[in-house]
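First comes the structure, then the notes that go with it.
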Amino acid sequence: MIPFNLPPYTGAEQGYIAQAVQNHVISGDGEFTRRCSAWLEAKTGCAKALLTTSCTHALEMAAFLADIRPGDEVVMPSYTFVSTANAFVLRGARIVFVDIRPDTMNIDEKKIEPALTPRTKAIVPVHYAGVACAMDAINAVAGGRYVIEDAAQAVMSAYKGRAAGALADFGCYSFHETKNLSMGEGGAILLKDKGHVERAEIIREKGTNRSKFFRGEIDKYSWVDVGSSYLPSELNAAYLYAQTERAEELTQNRLDSWRYYYAELSALARRGLVELPFVPPECEHNAHMFYIKVKDLEERTKLLTFLKEKGVHAVFHYIPLHSSRAGRQFGRFAGEDLYTTQESERLLRLPLYYGLTPADRSVVVEAVYDFFGSRRFLS
Ligand SMILES: Cc1ncc(COP(=O)(O)O)c(C=O)c1O
């Protein structure tokens, strides 16, 4: 079976993990965490990057920093992972879902304005598949409200030459094993404004000013605010550090596979049998994902089964949040669901990971062709 995903591994991870063990610092904020943060800051141009235990937790930190309170509304797409919404529901927010654009599967920037109310506190664009949302329009329509990027899938992506995740007030990255760069479970929050750094450090360190204490800025630390434990272990940071050193190569390797799929499957797209991803010219993507869209749910179900029989593990996601039980309880859909449900039912993700071999990706392509008919006839 060709797996859907394999966690990225460069070979240097074990050496760095051993080094963390030898340093006798395996809890958070040691040498490897500092190196990863410095890399993120240099790479993205954000004022401060703090590693977290997940992107989910980075989003929770953003919800604290944006001071989300019961009754506040937070606008986001329904076509996203549960954590995008959950992080704000935990603070008592009501979620206002808006429709996506069918071309990029990102939030439709034109649908945001009609969804705003005096209670809207934040907007959360999700850079689906590592392709950035229309951030200029989104920041403009926000009119001073917080904009929090769910950039879980967008590490190493850019919009108009600027790093995704550093395009708004807060950006949240994921380093889960399914992401382009990984640390097993992990993430980061990127802060645009230096003014948020002190509170972010406190929230991340159980509501204490321990970060200041560790830097020798105060002689004891104590409980100063609300917070939780959002800092990852050095063992995880050591794994990630190895990946940051080879980030360009990891991305390039994925892009090679992405471009191969795109070129090889174009004949199917020309015949209207599938739709391929669209990347707006202002976006540089990171090949986080390669998806195709087929006719409808029934065809997708058949194709998934067919690919499995051919030894190819393909997957789909998401069940739109507004149609899930918790989504109905904690949110509402503003405007019309023209594309969210329809497009989500047609989407299928092909295997894509660092190190996917040319032989395996060609098996994937041939299997997709076999489903639609003869390759010779269709090319
Ligand atoms: C859009 C989006 N947001 C948030 C998350 C949560 O990331 P994590 O698993 O690091 O908490 C994911 C993970 O798949 C995601 O795809």
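So how much slack lies between HIS313 and PHE214, counting 0.36 nm per residue of separation and subtracting their Cα-Cα distance, in nm? List each step's numbers first, then the result.
On the way: separation 99, 0.36 × 99 = 35.64 nm, distance 4.66 nm.
Contour length minus the Cα-Cα distance gives 31.0 nm.
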query = Roughly how many nanometres apart are two label points built 7 Å out from the Cα toward the Cβ at GLU31 and TYR221?
reply = 2.0
key: Karplus (6.51, -1.76, 1.60) ³J(HN,Hα), θ = phi - 60°, over segment 193-200, in Hz, Gly and Pro reported as x   = 10, 4, x, 8, 4, 4, 5, 4
Signed unit charges on C-beta, dipole axis of the chain, positive-most listed residue LEU231, TYR128, PRO114 = PRO114
inquiry  = Can you find, among PHE372, SER37, THR104, the residue sitting farthest towards the positive end of the charge dipole of the chain, where Lys and Arg contribute +1 and Asp and Glu -1 at Cβ?
reply    = PHE372
query = Counting only residues 5 or more places away or on other chains, whose amide H sits under 5 Å from the amide H of VAL147 once H atoms are built in the peptide plane?
reply = ILE123, ASP169, PHE170
request  = Determine Rg/Rh for segment 98-138; Rg is computed over alpha-carbon atoms and Rh is the Kirkwood hydrodynamic estimate from the same atoms.
outcome  = 0.96
query = Between segment 164-238 and segment 85-102, how many Å separate their Cα centres?
reply = 23
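From the gyration tensor of the Cα coordinates in segment 248-345, what semi-axes in whole Å does the equivalent ellipsoid have, largest first, with each one equal to sqrt(5λ)? Present the calculation step by step, with values, prior to reporting the outcome.
Values: eigenvalues 144, 74, 44 Å².
Ellipsoid half-lengths, sorted descending, are 27, 19, 15 Å.
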ask   = Pairing the Cα long axis of helix 297-309 with the longest principal axis of the chain, what angle in degrees results, from 0 to 90 and rounded to the nearest 10?
value = 90
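Can you give the net charge of the other residues whose Cβ lies under 13 Å from the Cβ of TYR260, counting K and R as +1 and D and E as -1? List each step's numbers first, then the result.
Values: positive: ARG254, ARG259, ARG361; negative: ASP256, GLU264, ASP360, GLU366.
Net charge around TYR260: -1.
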Size of charge dipole - the chain - debye, nearest 20, with Cβ of Lys, Arg +1 and Asp, Glu -1, no other charges = 340
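What order, most packed first, do the peptides 320-326, 123-129 have when packing is the mean number of other Cβ atoms within 10 Å of each residue?
Details: 320-326: 17.4, 123-129: 27.3.
The densest-packed peptide leads the list: 123-129, 320-326.
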inquiry  = Can you list residues from other chains, or at least 5 along the same chain, whose modelled amide H is less than 5 Å from the amide H of THR120?
reply    = GLU73
request  = Can you tell me the order of 24-32, 221-229, 264-272 when each peptide is scored by its average per-residue count of other Cβ atoms within 10 angstrom, highest first?
outcome  = 24-32, 264-272, 221-229
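Under the √(5λ) rule applied to the eigenvalues of the Cα gyration tensor, what semi-axes describe the equivalent ellipsoid of the chain? Give them in Å, descending.
Numbers: eigenvalues 251, 143, 52 Å².
Semi-axes from the Cα gyration tensor: 35, 27, 16 Å.
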task = State to the nearest 20 debye the size of the charge dipole of segment 330-379 about its Cα centre, where the only charges are +1 on K and R beta carbons and -1 on D and E beta carbons.
result = 180
ask   = How much net charge surrounds GLU13 when only other residues with a Cβ under 11 Å from its Cβ are counted (Lys, Arg +1; Asp, Glu -1)?
value = 0
Under the Karplus curve 6.51 cos²θ - 1.76 cosθ + 1.60, θ = phi - 60°, whole-Hz ³J(HN,Hα) for segment 260-271, x wherever Gly or Pro sits = 4, 4, 4, 5, 5, 8, 4, 4, 5, 5, 4, 8
Total charge dipole magnitude, segment 248-378, about the Cα centre, Cβ charges on Lys, Arg, Asp, Glu only, Debye to nearest 20 = 400
ask   = Given labels modelled 7 Å from the Cα in the Cβ direction, how far is it in nm from SER266 to LYS160?
value = 3.0
task = In square nanometres and to one decimal, what's the mean projected area of the convex hull around the Cα atoms of segment 177-271?
result = 9.5
key: Positive-end residue, the chain charge dipole about Cα centroid, Cβ charges, pick of PRO280, ALA18, TYR241   = PRO280
In order through segment 7-22: 3J(HN,Hα) via Karplus (6.51 cos²θ - 1.76 cosθ + 1.60), integer Hz, x for Gly, Pro = x, x, 8, 9, x, 8, 4, 4, x, 5, 5, 4, 5, 4, 5, 5
request  = Write down the radius of gyration of segment 46-107 and its Dmax, each obtained from C-alpha positions, in Å.
outcome  = 12.7, 34
message = Give me the three principal axis extents of segment 99-227 from the C-alpha atoms, as integers in angstrom, largest value leading.
response = 54, 38, 23
key: Amide proton proximity set for THR10, modelled H, under 5 Å, gap of 5+   = none
message = Just to confirm my numbers, what's the Cα centroid distance between segment 282-347 and segment 1-29 in Å?
response = 32
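Every number here is computed from the coordinates shown, using simple stated rules; none is lab data. The structure presented is a predicted model; accordingly, all values stated were derived computationally and were not measured. Glycine also receives a Cβ, built like all others from the backbone with ideal geometry; neighbour counts cover every protein chain displayed.
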